[in-house]
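Values quoted throughout were computed directly from the atomic coordinates according to the rules given, and no laboratory measurement underlies them. Because the structure is predicted, anything quoted here is derived from the model rather than measured. Reconstructed Cβ throughout: ideal geometry from the backbone, glycine too, with neighbour counts over all protein chains shown.
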Amino acid sequence: MLHIDVDQIAAWLAATDISELELRGPTSSVRLRKDSAGVVTIGDARPPAGPAGMTVTAPTVGIFLHRHPLHDTPLAPTGARVIAGQPLGLLQIGILLLPVPAPAPGIVAGMWAPHGAIVGFGTGLVELHPVAEQA
Amino acid sequence: MIEILSDSALTTVQDLGRTGALNWGVGISGAMDPLALAAGNLLLGNDAGDAAVEVQVFPFQVRFDDDCAFALTGADCAATLDDQKLLPWWSGKAAAGQILRLGLPTGSTWRGSRAYLCLAGGVDVPVVLGSRSTQMRGAFGGHEGRALRKGDRLRAGAPGAGLGMTGFGVVPPALAMPSDRDSLPAIRVLPAAEHARYTPASRTEFWTAAWKITPQSDRYGYRLAGPTLEPMAPIELRSHGIVPGVIQVPPGGQPIVQMRDAQPSGGYPKIGTVIEADLWRLGQAPIGSRFRFVECTWNEALAAREQTDQWLAELQRLARLHRLRQGAH
């Protein structure tokens, strides 16, 4: 458990222009989100995963891209079968583009973050249903 | 080592060019898209001006004889390494025996016409008069002073370096620094010495027309098709020094833009000069495409060069940081 005073942090957050705050401990994590009216809500840091799902999270802060800026088609559309290491999307940091690789072979179940979304460290990006690697 | 597997008469080794030898009558040569060449090198941690392979005829294939880090920039050629798809403007690592294939340039957002294959440590060919660029007219520099042929083998300066620091890319400069005018690519131009000697109508047309790049266009120069440019009186000049970017108007009135392999002197009147910072845009413009000339001032030309320098400096900074992070893991 995280031993923190969430109410106190929520009050601090309400007084800032920060819209989202995530705290993560070894066993649990919490995310505070502030809406446009300044109301802070408390939720799970990670989006809920499907039965056998695996949420691929952002390794760093950046802009999440579903497709390369020169391309019209997504790198890993929903339903696509991917191999381990294959890019599921890209993170743009300034002018640099970093891949968001599939941690395991699987089928892309959906995108948590929209194309062009600014994401933080640990933000859920892609839902992957792992499957055994084909022989 | 890489071995060229394609017969493609126009593929050459280029760096940023042989500046400083014009006084001996030696042209500049160098990459038609110097930004792409520099960007590929910076992704690999090379010096921005290291030599690379400029590919302008597709498809094109090479085989890696050693494990080697590489970067592919410029035209998006739907490249593959064996059966693995590669992203454009991206670094990768090849294992010995793997084959890199470049297909035809594609793209709806931006379509280039020249691709650059950079290798870890740069393509290792001898430096001649301060540059590794192929000087076609003089038949020196680059690989044996000529275009690459099937079976040619090129050495990477540091094939084993940075193998674990690849797999990332950069937003292409055409997207990061767009330049358009009335829905066509805009190429910025400084009026040149004979500009004022053309009729007012021709001057207006020069700045407003959609100029088409004809098939008679190559690394030496781009012959354009558009309205006929008429001088107010015939202009006769002695031959004088010219540089890449100079827009000459031969007697037919259809301009020619001097490109990287331009000879260092000429006698046609000059209506303008493409600014240094925009030569890469023209270098990537496909044959048959149209663009506009946009008048710019000396200060705007310097500001544009500053912008491209800053883009490269930012890429160098971010790529270095990212490679350090990768190296630490």
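Observations
- Amide H partners (placed H, <5 Å) of A:A109, local residues excluded: A:G79, A:E127, A:L128, A:H129
- Separation of alpha-carbon centers, the stretch A:71-107 and the stretch B:252-286, rounded to whole Å: 41 Å
- Whole-Hz ³J(HN,Hα) from phi, Karplus 6.51 cos²θ - 1.76 cosθ + 1.60, for the stretch B:181-194, glycine and proline x: 9, 6, 6, 10, x, 10, 10, 7, 9, 8, x, 9, 3, 9
- Estimated from helical segments only, the mean residue ellipticity of chain B at 222 nm is -5500 deg cm²/dmol, where each DSSP H run of four or more residues counts as -39500 (n - 2.57).
- Under the combined filter of DSSP loop state and at most 11 neighbouring Cβ atoms within 10 Å, the stretch B:233-304 retains these trypsin sites (Lys or Arg not before Pro): B:R238.
- With R₀ fixed at 35 Å, the C-beta to C-beta distance from A:D7 to A:T78 puts the FRET efficiency at about 0.35.
- For the stretch B:184-276, the dipole from Cβ point charges (+1 on Lys and Arg, -1 on Asp and Glu) about the Cα centre works out to 100 debye, to the nearest 20.
- Charge sum, other residues only, whose C-beta stays under 13 Å from A:G94's C-beta, Lys/Arg counted +1 and Asp/Glu -1: +1
- Each Lys and Arg adds +1 at its Cβ and each Asp and Glu adds -1 at its Cβ; summed about the Cα centre, the stretch B:86-181 shows a dipole of about 260 debye.
- Sequence-distant aspartates and glutamates (8 or more away, or on other chains) whose Cα lies within less than 20 Å of A:K34: A:D5, A:D7, A:D17, A:E20, A:E22, A:D44
- For the peptide B:165-171, the mean number of other protein chain Cβ atoms found within 10 angstrom of a residue's Cβ is 5.
- Shielding by partners, peptide A:58-69 (average Cβ within 10 angstrom, other chains): 2
- The residue list B:G130, B:I2, B:S217 was ranked by how far each Cα lies along the charge dipole of chain B toward its positive end, using unit charges on Cβ atoms, and B:S217 comes out on top.
- Alpha-carbon Debye profile of the stretch B:17-66, log10 I(q)/I(0) at 0.12, 0.15, 0.17 Å⁻¹: -0.37, -0.56, -0.68
- Charge dipole of chain B about the Cα centre (unit charges at C-beta), most positive-ward option of B:P191, B:Q326, B:P88: B:P191
- Separation in nanometres of the label points that stand 7 Å from Cα toward Cβ, at B:R325 and A:E22: 1.4 nm
- Virtual paramagnetic centre 7 Å along Cα→Cβ of B:V127, amide N under 19 Å, in the stretch B:38-54: B:38, B:41-42, B:45-53
- Taking θ as phi - 60° and the Karplus parameters 6.51, -1.76 and 1.60, the scalar couplings of the stretch A:5-15 work out to 8, 5, 4, 5, 5, 4, 5, 4, 4, 4, 8 Hz in sequence order, x denoting glycine and proline.
- Taken about its Cα centre, the stretch B:44-92 carries a charge dipole of roughly 200 debye when the Cβ of each Lys and Arg holds +1 and the Cβ of each Asp and Glu holds -1.
- Residues in the stretch B:142-149 carry Karplus couplings, in order, of x, 9, 6, x, 8, 5, 6, 10 Hz; the curve used is 6.51 cos²θ - 1.76 cosθ + 1.60 with θ = phi - 60°, and Gly or Pro positions show x.
- Of the GluC sites (Glu not before Pro) found in the stretch B:129-237, those in coil by DSSP whose Cβ has at most 11 other Cβ atoms within 10 Å are B:E236.
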